[in-house]
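The values are calculated or read from the model by the stated rules, or taken from the named source; none is laboratory data. Quick caveat, the model's predicted, so the values are computed rather than measured. Here Cβ is always computed from backbone atoms with ideal geometry, including for glycine, and neighbour counts include all displayed protein chains. Ligands, DNA and RNA are excluded from the accessible area calculation, which covers all protein heavy atoms including side chains. Shrake-Rupley method; radii C 1.70, N 1.55, O 1.52, S 1.80 Å.
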Amino acid sequence: QAKDSGRNRYRFFAQSMNEQLKRQREIATCLRQSLEHDEFALVYQPQINLNTEEIVSCEALLRWTPTSPDSWTSPGEFIPVAERSDLIIRIGQWVIKAACRQVAKWRSLGIKDLRIDINVSGKQVHHSHFFEGLTQTLSDHGLTPRDIGIELTENVLISADSDMLGKIMLFRNAGMEISIDDFGTGYSSLSYLKLFPVQNLKIDRSFVVEAPHNPKDQAIMEAIVNVGHRLDMKIVVEGIETIEQAEYSRSLGCDLAQGYLFYKPMPAGELYKLIKPTVQIES
Ligand code: C2E
Ligand code: MG
Ligand code: MG
Ligand code: MG
C-alpha cells in the first residue's frame with residue numbers, strides 16, 4: 001500500500017514535471033515572438049539614501065507586455081526560462097538599449113546625475129561580446145560608464161575568470177557602479193569580495209522581512225553590514241515594506257534602500273515627475 005502511494009506520488013511528480021517543461025517551452029516560444037514585436041518595457045524603482053530619503057539612483061526592472069494578456073508573467077518566471085536558452089542574450093541587449101535610451105533622454109531633460117542600474121545575468125556577462133556591446137551602446141547614446149550601474153549576483157562573480165575580472169575593473173575604473181544583487185542567497189564565498197571592486201552590496205529581501213523581530217536575521221544582517229563597510233562598500237537593503245524594517249536597517253547603518261514603503265517600480269514618466277529639475281528652462 002505504501003508502495004502504491006509512493007508510485008502515485010511519483011506519477012504525480014512526473015506529470016507536474018511535464019507540465020512545467022511544457023510551460024517553459026511555451027514561455028520561450030512567446031518570448032522569442034515578443035522580441036520580434038518589441039513587447040517589453042522597463043519600469044524603474046528608486047533607490048534612496050536611507051538617512052535623507054533622497055533618490056540616488058533607480059533600478060531598471062523588465063516587464064513583459066505580450067498582446068494577449070493571459071500570457072503575462074513576472075520576471076521571476078520568465079527570466080529563468082530565458083536564462084536556460086540563449087534568449088537572455090537578446091533580451092539583455094534589449095534591456096541595455098532601452099535603459100541607455102532612457103538615461104540619455106533624462107540627461108537631455110536636465111536630469112544630470114540619476115543613474116540607472118541594470119540587472120545582468122551570468123550568461124550575458126560571460127558572452128564574449130558583452131563588454132564591447134555595452135561600450136558601443138553607451139557611446140551610441142552619448143553616455144559614459146558613469147551613467148549606468150550593473151547588478152550582478154554572487155553566482156556570476158564566483159564563476160568569473162581573470163579575463164572577466166579585468167573587464168569589470170576597466171568599467172569600474174571608468175566610473176561604472178557595480179552592485180552585488182541578492183547578497184547572501186547565492187553560493188556565497190567571501191573571497192570574491194576581495195577580488196571584485198564592487199561598490200554596493202544589496203542585502204536580499206529575505207533577510208530583511210523579519211529582521212526587526214528575528215535574532216537570526218539580525219545576526220546575518222549585522223555581519224553583512226560589517227564586512228561590507230570594512231571593505232568600503234555601501235549597503236543597500238532591498239524590499240523594505242514597513243517603517244520598522246526601515247528603522248531597523250537605519251539603526252544598523254545601512255546606506256541605501258529600495259522598497260514599496262518608499263517607491264514601487266514605476267514607468268519612466270512617473271519617475272520623471274518625481275525628480276524633474278525644479279527650474280524649468282522654456283525653449
Ligand atoms: P531583483 O534584481 O532582486 O529585483 C528586486 C525585485 O524585488 C523586483 O521584482 C522588485 O519589483 C521587487 N521589490 C522591490 N521592492 C519590493 C518590496 O518592498 N517588496 C517586495 N515583495 N518586492 C519588492 P521583479 O521586478 O519582479 O524582478 C524579479 C527579479 O527578476 C529581479 O530581482 C531580477 O533578478 C530579475 N530581473 C528583473 N528585470 C531583469 C532584467 O532586465 N534582466 C535580468 N537579467 N534580470 C531581471
Ligand atoms: Mg536587481
Ligand atoms: Mg535583488
Ligand atoms: Mg531579488
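Scanning segment 86-118 for residues being outside any helix (DSSP H, G or I), of a type outside the set (D, E, K, R) and surrounded by 15 or more Cβ atoms within 10 Å (Cβ to Cβ) gives a total of 4. If the condition is being assigned to a helix (DSSP H, G or I), more than 13 Å from Val225 (Cβ to Cβ) and open to solvent by 40 Å² or more (accessible area, probe 1.4 Å), then segment 244-274 contributes Glu244, Glu247, Gly269, Glu270, Tyr272, Lys273, Leu274.
The number of residues in segment 153-175 that are hydrophobic (A, V, I, L, M, F, W, C), exposed (fewer than 14 other Cβ atoms within 10 Å of the Cβ) and not in a helix (DSSP H, G or I) comes to 1. Can you confirm whether segment 110-127 contains a residue that is away from ligand 2 (no atom under 16 Å from the Cβ), β-branched (Val, Ile, Thr) and over 18 Å from the mean Cα position of the chain (by Cα)? Yes, segment 110-127 contains a residue that is away from ligand 2 (no atom under 16 Å from the Cβ), β-branched (Val, Ile, Thr) and over 18 Å from the mean Cα position of the chain (by Cα). Would segment 176-187 turn up any residue that is open to solvent by 60 Å² or more (accessible area, probe 1.4 Å), touching a residue at least 24 places away in the same chain (Cβ under 8 Å), within 13 Å of ligand 1 (Cβ to nearest atom) and under 15 Å from the mean Cα position of the chain (by Cα)? Yes, segment 176-187 contains a residue that is open to solvent by 60 Å² or more (accessible area, probe 1.4 Å), touching a residue at least 24 places away in the same chain (Cβ under 8 Å), within 13 Å of ligand 1 (Cβ to nearest atom) and under 15 Å from the mean Cα position of the chain (by Cα).
Can you tell me which residues in segment 133-188 are away from ligand 3 (no atom under 15 Å from the Cβ), of a type in the set (D, E, K, R) and modelled with pLDDT under 95? Within segment 133-188, Asp161, Asp163, Lys167, Arg172 meet the criteria. Only residues that are outside any helix (DSSP H, G or I), within 16 Å of ligand 2 (Cβ to nearest atom) and open to solvent by 70 Å² or more (accessible area, probe 1.4 Å) were counted across segment 188-229, and they come to 0.
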